[in-house]
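In what follows, a structure is listed as structure tokens, so that the remarks can point back to it.
The values are calculated or read from the model by the stated rules, or taken from the named source; none is laboratory data. Just so it is clear, the structure is predicted and the values come from calculations on it, not from any experiment. Counting neighbours? That spans all protein chains shown, and the Cβs are built from the backbone with ideal geometry, glycine included.
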Amino acid sequence: MKAVYISDFGGPEVLEIRDVPDPREPNEGEVLVRVLNAGLNRADLLQRRGLYPPPDGYDPRIPGLEFAGRVYKVGAGVEGFKENDRVFGIAAGEAQAEYILTDQRLVAHIPDIDTWDAAAVPEAYVTAHDALITQAGVGKKEVVLIHAIASGVGIAAAQIAKAAGAVVVGTSRSSEKLLRFGKLSFQGKPLADHLIETADGPLFADNIREFTDRRGADVVLDLVGGDYFPENLRCMAEKGRIVLVGLTAGRKAEFDMGIALAKRFTIKGTVLRSRSIEEKAEAMNNFKRDIVPHIGPNGTFFPEVDRYFPLEEISEAHRYLESNQSFGKVVLNLA
């Protein structure tokens, strides 16, 4: 089968399309999927550079965390899936290949959307739902601050927060992306209640406190890290929750512990890729229950896909995502 292959860790030029061995036959509880489309994520950029290797058992030179396609074969004991079913799912790696072998618990039936868009759903929506609903327990009228709100996870998180009845506030370093985000709607109303540009640096705490009459944000979904973290502390409401999901701005920051004591807030770190199959299956079950039935052109949830790239243009796709120009998701075509 053909697959995206990292010939040597480095820049986009190291990416190739190679013939690699086909997966083995599915064992009990496993499904073999013919991948038609795959989402491209920033984790793939890091893996290409040798900075984010997959868990043991996965080839570090074949990236890919999410896919959409059709069931090709099923193993013994598989329930609810049969050959040719349209499915999408999450993976710890190797999803950017013509076939992927996976546990049946990590896939779901694709609702009424095509596989091009379906490939943009799993990683973003499972991550956002797990962080906001399972980890943070977002409630009605709570103020949710989402950094990098124009990213795939950011847009998914905004939709999920709105569906929970929360007030959505977002940041982005790009005024153009904020302008575009401001045109997105949710059930006939703007998806965001308040947007903040951080082109000159993460100075958003005073803005948030003014917007909330000095109460602060109840939940912060931080997809950036680094020097955004001290401002997160400053803008928190009492008993608020910070969920750390991404560290694109760096993994170290100054931490004023006095603020944490005074405001009694909670800080959680979360990552999907390295979790056990059982933990991922739980997150997928929640996704199947709360998100999948409501995905569709006229549904509550729908991914925002910025660009589609043929597999042969994988290096260009990496360059585009790395340029920070993308709004929402980038999807690869393997059909």
Scanning the range 295-307 for residues that are touching a residue at least 24 places away in the same chain (Cβ under 8 Å) and over 17 Å from the mean Cα position of the chain (by Cα), the one nearest to Lys162 (Cα to Cα) turns out to be Thr300
Over the range 136-187, the set of residues among the aromatic types (Phe, Trp, Tyr) and in contact with a helix residue (DSSP H, G or I) (Cβ under 6 Å, 6 or more places away or on another chain) is Phe186
Residue in the range 120-127 that is surrounded by 24 or more Cβ atoms within 10 Å (Cβ to Cβ) and more than 25 Å from Gly296 (Cβ to Cβ) present:
no
Every listed condition ((1) of a type in the set (A, V, I, L, M, F, W, C); (2) within 23 Å of Asn286 (Cα to Cα); (3) surrounded by fewer than 19 Cβ atoms within 10 Å (Cβ to Cβ); (4) touching a strand residue (DSSP E or B) at 6+ places or on another chain (Cβ under 8 Å)) holds for Leu191 save (3)
Of those in the range 6-40 that are acidic (Asp, Glu) and in a strand (DSSP E or B), the residue surrounded by the fewest Cβ atoms within 10 Å (Cβ to Cβ) is Asp19
Practice prompt. Could you tell me whether Tyr99 is touching a Pro at 6+ places or on another chain (Cβ under 7 Å) and of a type in the set (Ser, Thr, Tyr)?
Written response: yes
Within the range 230-240, the count of residues that are among the aliphatic types (A, V, I, L, M) and either on the phi > 0 side of the Ramachandran plot or part of a loop (DSSP other than H, G, I, E, B) (or both) comes to 0
Residue pairs qualifying under the 6 Å Cβ cut-off, at least six apart or on distinct chains, with the first in the range 163-182 being in the same structural domain as Thr212 (by TED's automatic domain parsing) and the second being surrounded by fewer than 16 Cβ atoms within 10 Å (Cβ to Cβ) and of a type in the set (Gly, Ala, Ser), are Arg173/Ala199
Condition check: surrounded by fewer than 18 Cβ atoms within 10 Å (Cβ to Cβ), farther than 29 Å from Leu51 by Cα and of a type in the set (Val, Ile, Thr). Does Ile291 satisfy that?
no
Among Leu101, Leu132, the single one that is in contact (Cβ under 8 Å) with a residue 40 or more places away in the chain, aliphatic (A, V, I, L, M) and in contact with a helix residue (DSSP H, G or I) (Cβ under 8 Å, 6 or more places away or on another chain) is Leu132
